[in-house]
1. Given the conditions (1) modelled with pLDDT under 95; (2) in a loop (DSSP other than H, G, I, E, B), and given that Phe343 satisfies all but one, which numbered condition is not satisfied?
2. So which residues in region 124-157 are within 16 Å of the ligand (Cβ to nearest atom) and in a loop (DSSP other than H, G, I, E, B), if there are any at all?
3. I'd like to know if region 332-343 contains one or more residues that are in contact with a helix residue (DSSP H, G or I) (Cβ under 9 Å, 6 or more places away or on another chain) and outside the structural domain of Glu75 (by TED's automatic domain parsing).
4. State yes or no: is Asp209 more than 16 Å from the ligand (Cβ to nearest atom) and at pLDDT below 95?
5. Would you be able to say whether some residue in region 352-375 is on the phi > 0 side of the Ramachandran plot, within 18 Å of the chain's Cα centre (by Cα), in the same structural domain as Tyr463 (by TED's automatic domain parsing) and of a type in the set (Gly, Ala, Ser)?
6. Residues being polar (S, T, N, Q), under 21 Å from Val319 (Cβ atoms) and crowded, with 19+ Cβ neighbours inside 10 Å: count how many of those fall in region 1-18.
7. From Arg394, Arg348, Arg314, which residue is among the basic types (Lys, Arg), within 18 Å of the chain's Cα centre (by Cα) and assigned to a strand (DSSP E or B)?
8. Considering every residue within region 90-105, establish whether at least one is at pLDDT 85 or above, touching a helix residue (DSSP H, G or I) at 6+ places or on another chain (Cβ under 7 Å), surrounded by 22 or more Cβ atoms within 10 Å (Cβ to Cβ) and not in a helix (DSSP H, G or I).
Amino acid sequence: MNRSQEIARRRTFAIISHPDAGKTTLTEKFLLFGGAIQSAGAVKSNKIKKSATSDFMEIEKQRGISVSTSVMGFEYNGRRVNILDTPGHKDFAEDTYRTLTAVDSVILVVDAAKGVEEQTEKLMAVCRMRNTPVIIFINKMDREGQDPFDLLEELEEKLNIKVTPLTWPISKGATFKGVYNMYRKQLNLFAPNKTGISDEVSAFEDLNDPKLDQIIGKYAAQLREEAELAALYPAYDRETYLAGEVAPVFFGSALNNFGVQELLNTFVEIAPEPRPRLSSTGEVKPEDQKLSGFVFKIHANLDPNHRDRIAFMRICSGVFEKNTFYFHPRLKKKYRFSTPIMFQANDRTNVETAYPGDVVGLYDTGNFKIGDSLTEGGAFFFKGIPAFSPELFRMVENNDPFKAKQFEKGLKQLTDEGVAQLFTQQPGNRKIIGTVGELQFDVIQHRLLHEYSAKVSFRGLPYLKACWIDSEDEAAVEEFFRYKKDHLAYDKDNRPVYLADSLWMLQRAIDENPKLSFKFSSEIIVSEDAEENA
Ligand code: G4P
């Protein structure tokens with residue numbers, strides 16, 4: 001197979017959902033279909049159990065498990081499918097948001113009873129920023145859920161995307177009969193089946209055929225009526241799907257393996273192959289000859305005795321080969337990797353070659369940070385790897401003056417890894433950690449102590465939101481902070497950040513300073529001077 005065929009057959013995506021909607025179950029069923037696992041329950045969930053919200057060791061244990069499920073690759077219908085796993089726990093949301101920069105599309109799982117939930121909205125907002133194509137799977141149809149029309153309306157309203165149902169459910173809950181695939185004109189009858197791996201699908205051209213009444217009895221009339229109304233949604237169109245404007249919708253039950261194969265079949269057919277990415281020197285196309293890729297996730301702590309880490313790199317162009325020297329533009333050095341790895345469900349395998357769309361794991365001793373690129377000579381970085389505005393702030397203090405160096409180093413490395421964000425405030429060089437979840441503070445305290453021998457404590461700060469301040473008018477920025485010294489901090493790239501005490505204060509600042517733009521996400525920038533020097 002030549003390189004362009006290899007690229008064209010790749011489907012790199014993430015399954016996202018509010019916790020408990022069924023992401024893990026669906027992932028597992030995909031792996032079953034892909035032959036990557038043999039039975040349900042074989043993939044250890046990377047879910048951080050709800051009960052473990054403050055149990056750090058438990059979380060670490062589970063994080064250990066989750067390395068192997070970070071990327072799950074398998075072959076299906078001639079396609080190479082790469083599922084990038086995202087942590088369900090909301091305290092690790094930043095990790096999830098960054099992973100979304102490395103995919104070409106997503107499948108969003110929604111619980112039929114609960115509809116759009118908080119995390120669903122947040123995750124979709126990130127996808128919308130990048131116009132990532134989305135397919136929606138409405139799960140748990142075997143339970144009493146909401147009316148399908150209401151659900152579709154809610155999706156459109158809350159997720160700011162148009163939808164088009166490709167299948168339609170026949171009743172729900174205890175009387176759920178199956179789905180009708182309006183696109184393929186097929187009837188898929190529901191038979192609860194938690195372990196099997198095939199849907200019994202039969203062609204059914206005309207819903208007015210009286211046979212329908214024999215098969216699903218009184219639900220036939222209801223299906224005819226609803227299908228007619230559902231047809232009022234715009235017809236499926238691949239262009240609008242790929243543009244991230246319209247999301248095709250499927251109904252099913254992941255637990256019962258129902259509607260899953262139908263979803264997977266359609267997904268591999270319509271989902272985008274690796275797409276071009278924007279870099280600091282223009283668009284990088286997957287077909288470009290020279291290798292390039294970027295690090296979107298770093299997983300540390302694989303072995304507490306060694307400070308080893310795996311940097312996850314998404315390949316964007318060229319071909320990645322082991323033992324080949326590649327250029328690290330930020331450090332302006334060349335590196336080669338003798339044991340890069342790829343993931344196959346629960347296993348890691350050594351990679352010889354990897355193509356655009358693939359994710360390789362690179363053993364790292366501290367050379368990578370989130371957003372770094374690796375190239376075949378080009379001195380560029382990829383755009384659009386976000387840092388999101390944190391919402392919890394604490395001042396971190398080193399308790400042992402003899403360990404100042406370890407403290408500084410540990411803090412730098414952990415924040416490079418993306419565990420949390422680091423801000424500095426003057427005078428006094430106060431170090432402020434900003435996170436999206438409480439857990440990160442435990443993670444930082446524990447890891448600083450165990451990996452860097454630095455004992456730290458935190459002091460709560462009253463800030464509620466950080467936002468990056470940007471303006472053409474530098475004097476306006478200075479003027480703004482002249483009166484808000486206590487609320488000024490600098491991020492790791494030395495950009496000014498406004499720490500607001502309350503939403504009211506923030507809104508007032510926005511209203512009173514029309515020359516400034518207040519940003520709630522910023523791009524992670526990797527040293528720009530590397531571009532000039534290389
Ligand atoms: P998540 O990764 O999105 O957090 O969700 P997960 O797949 O773990 O599913 C959450 C719960 O919902 C699980 O039950 C799972 O069995 C159940 N579930 C998933 N799909 C369906 C479905 O189609 N129908 C029904 N009725 N339930 C479904 P649990 O009791 O929390 O966990 P477990 O003990 O079964 O693992």
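1. (2)
2. Lys140, Met141, Asp142, Arg143, Glu144, Gly145, Gln146
3. Yes, there is a match, as at least one residue in region 332-343 is in contact with a helix residue (DSSP H, G or I) (Cβ under 9 Å, 6 or more places away or on another chain) and outside the structural domain of Glu75 (by TED's automatic domain parsing).
4. yes
5. Here is the first cut: in region 352-375, the ones on the phi > 0 side of the Ramachandran plot are 357, 366, 371.
Add one more test, that the residue is within 18 Å of the chain's Cα centre (by Cα), and what stays is 357, 371.
Filter again for in the same structural domain as Tyr463 (by TED's automatic domain parsing), leaving none.
No, because not a single residue in region 352-375 is on the phi > 0 side of the Ramachandran plot, within 18 Å of the chain's Cα centre (by Cα), in the same structural domain as Tyr463 (by TED's automatic domain parsing) and of a type in the set (Gly, Ala, Ser).
6. 1
7. Exactly one of Arg394, Arg348, Arg314 is among the basic types (Lys, Arg), within 18 Å of the chain's Cα centre (by Cα) and assigned to a strand (DSSP E or B), namely Arg314.
8. There is no residue in region 90-105 that is at pLDDT 85 or above, touching a helix residue (DSSP H, G or I) at 6+ places or on another chain (Cβ under 7 Å), surrounded by 22 or more Cβ atoms within 10 Å (Cβ to Cβ) and not in a helix (DSSP H, G or I).
The values are calculated or read from the model by the stated rules, or taken from the named source; none is laboratory data. If you're wondering where the values come from, they're calculated on a predicted model, not measured in any experiment. Note: ideal-geometry Cβ built from the backbone for every residue, glycine included; neighbour counts use all protein chains shown. Just so you know, the surface numbers come from the protein's heavy atoms only, side chains and all, with ligands and any DNA or RNA stripped out. Shrake-Rupley method; radii C 1.70, N 1.55, O 1.52, S 1.80 Å.
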